[in-house]
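Report on one structure; see the data block that follows.
The values are calculated or read from the model by the stated rules, or taken from the named source; none is laboratory data. Source: prediction; values computed, not measured. Here the Cβ positions follow ideal geometry from the backbone for every residue, glycine too, while neighbour counts run over all protein chains shown.
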Amino acid sequence: MTPTVEFRAISKRFGDVRALEDVSMSVRQGEIHAVLGENGAGKTTLMRVLYGAVRPDAGEVLLDGRAHAFRNSAEAIHAGVGMVSQHYSIIPEITCLENLMLGAEPGFAIAPRPSIDRAEAIAQRMGFQFDWKARADTLSPGGAQKLEILKLLWRRSRILVLDEPTAMLSPDDADALYASLRQLAQDGATVLVVTHRTREVVTHCDRATVLRAGRVVASLDVKDADASTLAKHIIGHPLAELPPRPMTNASGPGLTLRSVWVKGDRGDDAVRGVDLRLEPGEVVGLAGVDGSGQRELFQALIGVRKIERGDVLVGDRSLAHAPSAQRIAAGIRLIPEDRHLEGVIERWSLEANAMLGLQRRQELRSGPWVATGARRRLAEEVVARFDTRFGKLSDPIASLSGGNQQRLVAARALARDAQVILAFQPARGLDLDSTQRVYNAIREACDHGACALVVSFDLDELLEYCGRVAAIYSGVLRSPGAGAERDRYAIGRLMVGADA
Amino acid sequence: MTKAFVGWRLIALYAGLALIVVLLLLGSGVQPATAGARLWEGAFGSPQAWRGTLRQMMPLLFAGLSVFIALRAGLFNIGAEGQLLIGALATAMTALTLQGPVGMVVGIVVGVLAGALWTLPAGLIKAYRGGHEVITTIMLNNIALLVTGALVAGPLKAPDKQMPTTPMLDTAARLPSLLRLESANGTTWTFGSPEDPGIRALGRLAFEMNLAIPLGVILIGAFGWWLGRSVRGYEVGAMGENPVAARFAGIDTRRTTVAALAASGGAAGLGGALLVLGQEGRFFAGFSPGYGFDALGVAILAGSSPLGIVPAAFVFGALNKGALSLQVIDVPKGITGVILGLLIVAFAAARVREARNDD
Amino acid sequence: MTDFVRIFLPTAVSLAAPLMLAAMGGYLSERSGVINIALEGKMLMAACAAALAASSSGNAAAGVAIGIVAALLMSGAHWLFTQVYRLDHIVSGMALNLVAVGGSNFLNKRFTDLSAMGQIPQLPLPVYYALAFTLPVALLVIATRTRPGLRMLAVGSDPAKSRQMGVEPLRVRLLGLVGTGLCTGLAGVLIVSNAGRFTDGMTGGKGYIALAALILGRWRPVPAAAAALLFGMFEALQIQFQGTALLGARLPSEFWLCIPYVVTIVAMAGLLGHSRAPAGLGKP
């Protein structure tokens, strides 16, 4: 049987980085095929080749045995390929219906009635419900994911590509998503799922192709594999066990949140009465579906968003209404969510970036001037911490790979008197080895008296690295009951407010 | 997209822009070589020409610095024109009221403050309401033009003049010359005394340069030093490159925005003040032929270093001065506007390419 | 009352029509994501080209056509600079304005036949007025009920996501800017028709007032046109009250001319409700 999708010897380089090297794989009609690998293994790049968003340097893509060289996504869409990217492509300012149609409108004129009828028909087939005239920014993450799937059906895509589709979903929503995908596959669609979550693959997929560093390392039937075999393929070498944490009687100020309320962008209450105490030495994980208020909470703690009510204390010093500069001086440090946007200045050198946020510290200045020697020493300290790989300290930080930039940002947050570490997905873009090192460094800082609050959308990551995990749902913080502190499903239910 | 392709596209752009200029010159009914020679002659051909070029350059130095300061902070100050006008009028009125050297010094201070204050609506709206500073500064430009025009035609008009203008300032209230050349009978170089309107009226003044240009160069150098070496300069630059990251780094971007725009307006106001005190000696309707708009080009031409403002302002000044000589041979002065506009495009395109090569 | 109908209203409408057209031009480019501070320059070039073409050919239609072509060329350059060469939108706009001020002065000084002065044949003005008043409604329908309209709003909100959905921002913006060229071209022709001849800088800030109207109308066609109409009325008031005392004081005409700018700043200060620009403005 001719495979529906076949990649033949695809290679792609970005600058000096080999993203894909001689990648060949094939996908059969009606199957759910997992593309597995760590961050940076080349999964997304390969899918973008299929979707016409990246042009390979060598190799070809065949659909039903016919070679295609897509010049843009429009051509791939025309050939029946549909892709849902990790961050969705829903435009918040237009309605759900308009999002559904965009790029595949029924004709020059758009009559709302027949369009809604067709949208309803498609939604009913999947058992979804939508308010079609509502603006898309009213959708929950789960709703957005559903709308993305309907968009593929609207276009009559027969090859569905989903990039990390469950990254922002609760475990229950994720199960529901795979049920929908299974139904589509049974109706004749071909589904490719990009993921690094082996658990999902074992439960829901038919076949899997594993990529590592841009090469295919395994291609197998899922029924012949279990999660740990897959993990071994993904990582390549066994991970070092986390060293047990020594008991410390470290002293530090700790962090106290007293009934903190924060408003979101739309004036809604994004964080509602959060009480939390982080003792010195503690690493607390904050689990939750994306958009549950983590972002607003972190922004309020670092001081770029107003705290409406409640109090935040470092030690016994109240900082709820202090400007960010004072909070940084008090030892609050942030590893921000979006490195490009919030963490670095891309055109600036590594050296200048290493000082960002710390620029007002006494030892880095002499009067109103920057102390250049001290600045250089700080930069050297920061790049050395996680073996950031770089050319010269004067190179622009944009010349570094994403992972190396993240290393610098993490090291900077841990340098110089960090007392309260706020880490938003600190392992984003890092391979498992570096992930472990970053978490270890956070734990080490905590051994010396700091405390850390860590947000991740990957519950397993939090359970592995944090001493305690709490869940946030719709702005309310909840801790698992006694005995359920490390129960994946108990916390999962808290994440979706099921135990309220 | 390969680098070579980008390079070819850039060459195509330059060829296109050059073609427009050539067509323009051919269309002007004058041999391009003749026009070029005239332009050169008009800008550099004699001490008088040099004096004119420097006079055109001076306000561009300050207005260019104004736009440049804002750009470093990530803000587009399209309003340098309005700030320059307000500063100039404020200086003229202060100096007329107080008279003498005191009027001059206080007038400069008032001109700077007036220019800075004129940016406040834009700064506050940007910082606290998120309204784009380009729109507000454009609106403020138009208001400044109308308000200064109304004032100088109404309550502030010199009673004995037909035209809407303030009275002339005393020589004592004007900026002293650094260097003056009278060439009526031989050459007489003078230092230190202010430009004498009497000599100028007689057409004997050949070359004159006052403190304004050296002051501008020093100010530009000082700003560059401050930007590169001070903690506040680091913070302003960080905001200009990435305002979100700057906020996360503890920088108060609201106050920095208001302050940066005010500093920018102050520089433009200073330009207006020195234009009154050092060159025009009064304020009148139609005071600025668009220095504030040319300034945007100067700031872009300057590139990433503030010191680039000096040659950029010089080039613009020379073109503006040379254009006046072209008018004599019936080439409309608009030709330089076109050339300057295309020059901005050419430089901006090259800089986009630079920025792309970084990543 | 009859004076109002006979004199004030026609004046107001003839002053407002170019503003409304230009504001619609601004709508088409800003909604597709191109910041447009070059409305002024496009109108000026159109006015100059229309005057030259009409007076040299003696044909009004030729004047209109050439005027529109001039604005289309400017818009095409705008597209090339901002989309192909990825120049900053504000820098491109400023450069185009400089080119327009200089270029119109050059062309006018160089090619105007002095003996034919004041001989610009005109299309019947009601044609333009009808356009100015129907265009906003037409654009509203296009934006909400057609494919190009939907794509324009999508690209103006988020070009990157639109590209993922197979919509090419480059093409959508080209279409938007062509629309801007048509609208500003007509507006420029209208200005020169009203005046009877071309003078340097004759658009006198109307492009900026149109931009102000667009902002005041929160980037929606009908309210933006209404704001433009209002601004036209202020200008007419200024002509009406010129030299007459009002409330015991004689207000200079500049007072009335200032009003659109001041109102815009007040609106942007959030004193007239919140105004939000299209999210994709200026993004590649």
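Among the residues making up the range B:56-86, those that are assigned to a helix (DSSP H, G or I) and touching a Lys or Arg at 6+ places or on another chain (Cβ under 9 Å) are B:Gln56, B:Met57.
What about A:Arg327, is it free of Cβ contacts under 8 Å to residues at least 60 places away in the same chain, assigned to a helix (DSSP H, G or I) and more than 7 Å from chain B (Cβ to nearest Cβ)? Criteria met by A:Arg327. Could you check B:Ala12 against (1) crowded, with 17+ Cβ neighbours inside 10 Å; (2) at pLDDT 85 or above and say which number it fails? Failed condition: (1).
Among the residues making up the range B:236-263, those that are over 27 Å from the mean Cα position of the chain (by Cα) and charged (D, E, K, R) are B:Arg247, B:Asp252. Scanning the range B:275-291 for residues that are in a helix (DSSP H, G or I) and closer than 27 Å to C:Ala100 by Cβ, we see that the one that is farthest from the chain's Cα centre (by Cα) is B:Leu275.
Of the residues making up the range B:87-137, just one is part of a helix (DSSP H, G or I) and at positive phi, namely B:Gly100. Taken as a whole, the condition of being assigned to a helix (DSSP H, G or I) and within 20 Å of A:Gly331 (Cβ to Cβ) does not apply to A:Ala398.
Evaluating B:Ala346 against the criteria (1) crowded, with 24+ Cβ neighbours inside 10 Å; (2) of a type in the set (A, V, I, L, M); (3) over 17 Å from the mean Cα position of the chain (by Cα) leaves one unmet condition, (1). Looking across B:Ala95, B:Ala114, B:Ala73, one residue alone is at pLDDT 95 or above, more than 14 Å from chain C (Cβ to nearest Cβ) and either over 29 Å from B:Thr336 (Cα atoms) or buried (at least 23 other Cβ atoms within 10 Å of the Cβ) (or both). It is B:Ala114.
Consider the range A:427-477 and keep the residues that are part of a strand (DSSP E or B) and of a type outside the set (A, V, I, L, M). The one that is farthest from the chain's Cα centre (by Cα) is A:Cys451. Screening the range C:243-281 for residues that are part of a loop (DSSP other than H, G, I, E, B) and touching a Pro at 6+ places or on another chain (Cβ under 9 Å) and picking the one that is modelled with the highest pLDDT gives C:Ala269.
Here's the yes/no breakdown for (1) farther than 26 Å from C:Pro124 by Cα; (2) assigned to a helix (DSSP H, G or I):
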| position | (1), (2) |
| --- | --- |
| C:Leu21 | no, yes |
| C:Gly25 | no, yes |
| C:Asn36 | yes, no |
| C:Lys42 | no, yes |
| C:Ala53 | no, yes |
| C:Ser56 | no, yes |
| C:Arg86 | yes, no |
| C:Ser92 | yes, yes |
| C:Asn97 | yes, yes |
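Can you name the residue in the range B:301-343 that is among the charged types (D, E, K, R) and in a loop (DSSP other than H, G, I, E, B) and is also surrounded by the fewest Cβ atoms within 10 Å (Cβ to Cβ) among such residues? In this case the residue turns out to be B:Asp330.
Taken together, the criteria place A:Asn99 among residues that are touching a residue at least 24 places away in the same chain (Cβ under 8 Å) and either more than 20 Å from A:Pro165 (Cβ to Cβ) or in contact with a helix residue (DSSP H, G or I) (Cβ under 7 Å, 6 or more places away or on another chain) (or both).
Go through the residues of the range B:309-319 one by one and say whether even a single one is within 14 Å of chain C (Cβ to nearest Cβ), under 27 Å from B:Ala18 (Cα atoms) and free of Cβ contacts under 8 Å to residues at least 60 places away in the same chain. No, the conditions are met nowhere in the range B:309-319. One residue stands out among those in the range B:148-168 that are outside any loop (DSSP other than H, G, I, E, B) and touching a residue at least 12 places away in the same chain (Cβ under 8 Å): the one that is surrounded by the fewest Cβ atoms within 10 Å (Cβ to Cβ), which is B:Ala153. Do the conditions hold for A:Ile335, that is, is it facing chain B (nearest Cβ under 8 Å) and surrounded by 17 or more Cβ atoms within 10 Å (Cβ to Cβ)? No; evaluated as a whole, the condition is false for this residue. A search for C-beta distances below 7 Å between a residue of the range A:103-120 that is more than 7 Å from chain C (Cβ to nearest Cβ) and modelled with pLDDT of 85 or more and any residue that is assigned to a loop (DSSP other than H, G, I, E, B) and exposed (fewer than 15 other Cβ atoms within 10 Å of the Cβ), counting only pairs 6+ apart in sequence or on different chains, returns A:Ser115/A:Pro106. Given the criteria more than 15 Å from C:Gly166 (Cα to Cα) and loosely packed, with under 13 Cβ neighbours inside 10 Å, does A:Arg118 qualify? Against the criterion (more than 15 Å from C:Gly166 (Cα to Cα) and loosely packed, with under 13 Cβ neighbours inside 10 Å), A:Arg118 does not qualify. With respect to the conditions (1) under 25 Å from B:Thr336 (Cα atoms); (2) in contact with a Leu (Cβ under 6 Å, 6 or more places away or on another chain), B:Leu277 falls short on a single one, namely (1).
Is it the case that A:Arg305 is at pLDDT 90 or above and either assigned to a strand (DSSP E or B) or over 28 Å from the mean Cα position of the chain (by Cα) (or both)? The answer is no for A:Arg305.
Quick grid of which residues meet (1) of a type outside the set (Phe, Trp, Tyr); (2) closer than 26 Å to B:Ala35 by Cβ:
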| residue | (1), (2) |
| --- | --- |
| B:Ala268 | yes, no |
| B:Gly281 | yes, no |
| B:Gly292 | yes, no |
| B:Gly297 | yes, yes |
| B:Phe314 | no, yes |
| B:Lys333 | yes, yes |
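Of the residues making up the range A:309-324, those that are within 14 Å of chain B (Cβ to nearest Cβ) and under 16 Å from A:Leu255 (Cα atoms) are A:Leu319, A:His321, A:Ala322, A:Ser324. Picking from residues in the range A:389-404 that are under 27 Å from the mean Cα position of the chain (by Cα) and in contact (Cβ under 8 Å) with a residue 24 or more places away in the chain, the one that is farthest from A:Ser434 (Cα to Cα) is A:Pro396.
So A:Asp163 clears everything in (1) surrounded by fewer than 18 Cβ atoms within 10 Å (Cβ to Cβ); (2) modelled with pLDDT of 85 or more; (3) among the charged types (D, E, K, R) except one condition, right? Which one? If we test A:Asp163 against (1) surrounded by fewer than 18 Cβ atoms within 10 Å (Cβ to Cβ); (2) modelled with pLDDT of 85 or more; (3) among the charged types (D, E, K, R), just (1) comes out false. Could you go through the range A:139-156 and let me know if any residue there is polar (S, T, N, Q) and in contact with a strand residue (DSSP E or B) (Cβ under 8 Å, 6 or more places away or on another chain). Yes - at least one qualifying residue is present in the range A:139-156. Candidates are the residues of the range A:1-47 that are assigned to a loop (DSSP other than H, G, I, E, B) and buried (at least 22 other Cβ atoms within 10 Å of the Cβ); the one that is modelled with the highest pLDDT is A:Thr4. Name the residue, out of C:Gly67, C:Gly41, that is surrounded by 24 or more Cβ atoms within 10 Å (Cβ to Cβ) and within 14 Å of chain B (Cβ to nearest Cβ). Being surrounded by 24 or more Cβ atoms within 10 Å (Cβ to Cβ) and within 14 Å of chain B (Cβ to nearest Cβ) holds for just one of C:Gly67, C:Gly41, which is C:Gly41. Just checking, does the range B:288-303 include any residue being away from chain C (no Cβ under 14 Å) and either aromatic (Phe, Trp, Tyr) or more than 30 Å from A:Gln326 (Cβ to Cβ) (or both)? No, the range B:288-303 has no match at all.
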